[in-house]
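Here is the structure we will look at, set down as structure tokens.
Read-outs: derived from the displayed coordinates by stated rules, not from any lab. Just so it is clear, the structure is predicted and the values come from calculations on it, not from any experiment. FYI the Cβ positions are ideal-geometry reconstructions off the backbone, even for glycines, and counts take in every protein chain you see.
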Amino acid sequence: MKLRLFAGVSVLVMTAGLSACSSSSDASDDSSDGSTTIDVWLMRDSVSAAFQNEFVKGFETAHPDIKVKVQIQEWDGIGEKVTAALASNDAPDVIETGNTQVAQFAQSGGLLDLSDKVDELGGKDWLKGLAEPGSYEGKQYGIPYYAANRVVIYRTDLFKAAGIDAAAIKTRDQWISATEKLNTGGTQGIYLPGQTWYALAGFIWDEGGDLATESGGKWKGSLDTPEAIRGMEFYEKLQALGKGPKDADEANPPQADVMAKGKIAQTIATPGRAGVIIENNPELKGKLAFFPIPGKTADTPGSVFIGGSDLVIPTASAKQDAAYAFIKELTGDTWQKKLAVAMSYVPNKTTLASAVASDPGAAAMAVGAAEGHATPNTPGWAAVEAKNPIKDYMTAVLTGGDPQKEAAGASDAITTALNSGS
């Protein structure tokens, strides 16, 4: 899934929008010089126009027999558009897709199996949160492109006033203690809306649980397992240290707006939200910083949901070799480092985390990304998110409902959605 600002999710935007096409957009497939033109679909705001142009120029210089035509796609309605393209005889040659969308497209048989390319592309070092959802039924269809995930955005002035060193917060217990200390004197220790289910997922993964599990080809909701219940217990404890609404997510009202208006010490969000907070309250410029979501122990950061993109090749493409050359270059170490710096993204490999060491927000993301996960890897997960019983479950527990009973009901709803597609 493309990491968005999570009501269903608004794209993590850190730079200007993309141009409609590359400098080679007028090239034809039957060039007089014998070159091949590949059609590439990239998503709105996934990279800046400057980076896109730099990469296309560099790629075409390195591969003079291949021309690149980039078409920018919108996230709204992209699932239906990609599905139609894969079923046609006129599919593009490379498609950027949200990491958790790959299984849906692979199920149709419309994607090229790239399993034999994994070793060549350095797959052993890929972020699991991108690589695992890029596979389906044991085959690799999606090649990890870039990632982003949530961190803790905090007010340095409020931490200093409370005598708290954010760099020393390495465990959940330390996080709770610091937040309790911050939650005094008119300061809200943390703003955490009650339905921030991606954050809950991280706490569940930390406990060894999951949102759903698969056995014998059937998926089953698993919010009622002891591990998942413990994750919800921690969420409830943390959420109670602020005044976030128990019946809304982080988009209602926008949490960046809320943090900008009040004395709120922390919130959980992607680093790009810091810019929005400052836009809404310029007085906070220079007063925001980041740290990774803490884990249960000091040696392992907290688990996070990894949003981001994979690159796929349709089976209908008549230029699969050229398409693969494009993907190999863009997901290779050289361009991944440049992309990370240009866009404040997490590179697709754990071995490249140092590329964003000088970017505080991206560096905090990279630490968490090492413990990154995706939602259950099944085409049916889209049906779960459409109704999202997880949100209702969270609100029910936070307003006094019996955790086990509410978890069982939500798990049943997830099971029904996963296996019926409705």
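From the phi angles alone, apply the Karplus equation (6.51, -1.76, 1.60; θ = phi - 60°) to segment 351-358 and give each ³J(HN,Hα) in whole Hz, x where the residue is Gly or Pro.
Whole-Hz 3J(HN,Hα) from phi for segment 351-358: 6, 9, 4, 5, 4, 10, 4, 8.
Can you give me the Cα centroid spacing of segment 115-170 and segment 311-350 in angstrom?
If you average the Cα positions of each part, the centres end up 17 Å apart.
Please compute one quarter of the surface area of the Cα convex hull for the chain and express it in square nanometres.
19.8
Quick query: amide H of L127 versus all other amide H atoms, modeled in the peptide plane; which residues come in under 5 Å with a sequence gap of 5 or more or a different chain?
K349, T350
Is the shape of segment 163-211 rounded, prolate or oblate, going by the alpha carbon gyration tensor and its root eigenvalues a ≥ b ≥ c, with a/c under 1.5 for rounded and a/b larger than b/c for prolate?
Oblate, because a/c is 1.5 or more while a/b does not exceed b/c.
Under unit Cβ charges (Lys, Arg +1; Asp, Glu -1), what dipole magnitude, rounded to 20 debye, does the chain have relative to its Cα centre?
1380
Could you list which residues have their amide H under 5 Å from that of T36, counting only those 5 or more apart in sequence or on another chain, with H placed in the peptide plane?
Residues meeting the criterion, in which the H sits 1.01 Å from N, are I66, K67.
For a quick check: with amide H placed at 1.01 Å from N, whose amide H comes under 5 Å from I264's, ignoring anything fewer than 5 positions away on the same chain?
Q188
Does anyone have the angle between helix 320-330 and the longest principal axis of the chain? Alpha-carbon axes, 0 to 90°, nearest 10?
40
Expressed as a whole number of Å, what is the distance separating the alpha-carbon centroids of segment 354-380 and segment 178-202?
Answer, in whole Å: 21.
I need the shape label for segment 187-326. Rule: rounded when a/c is under 1.5, else prolate if a/b > b/c, else oblate, with a, b, c from the alpha carbon gyration tensor.
Cα axes put segment 187-326 in the oblate bin.
Cα to Cα, under 13 Å, and not fewer than 8 places away if on the same chain: which aspartates and glutamates meet these conditions relative to K220?
The qualifying aspartates and glutamates are D210, D412.
Rounded, prolate or oblate for segment 144-236? Axes are the square roots of the Cα gyration tensor eigenvalues, ordered a ≥ b ≥ c, and the cut-off for rounded is a/c under 1.5.
Taking the square roots of the gyration eigenvalues as a ≥ b ≥ c, segment 144-236 is prolate.
For the chain, what is the relative contact order in percent, using Cα pairs closer than 8 Å and at least 6 residues apart in sequence?
24
Using the structure shown, select from K246/K285; K237/K287; K218/K349; K263/K285; K139/K218; K285/K337 the pairs with a Cα to Cα distance greater than 24 angstrom.
Exceeds cut-off: K246/K285; K237/K287; K218/K349; K285/K337.
Relative to the longest principal axis of the C-alpha atoms of the chain, give the angle of the C-alpha long axis of helix 226-239, reported between 0 and 90° and rounded to the nearest 10°.
70
Give a residue-ordered list of calculated ³J(HN,Hα) values for segment 208-215 (Karplus: 6.51 cos²θ - 1.76 cosθ + 1.60, θ = phi - 60°; whole Hz; x for Gly, Pro).
Working through the residues one at a time gives x, x, 8, 7, 7, 10, 10, 8 Hz.
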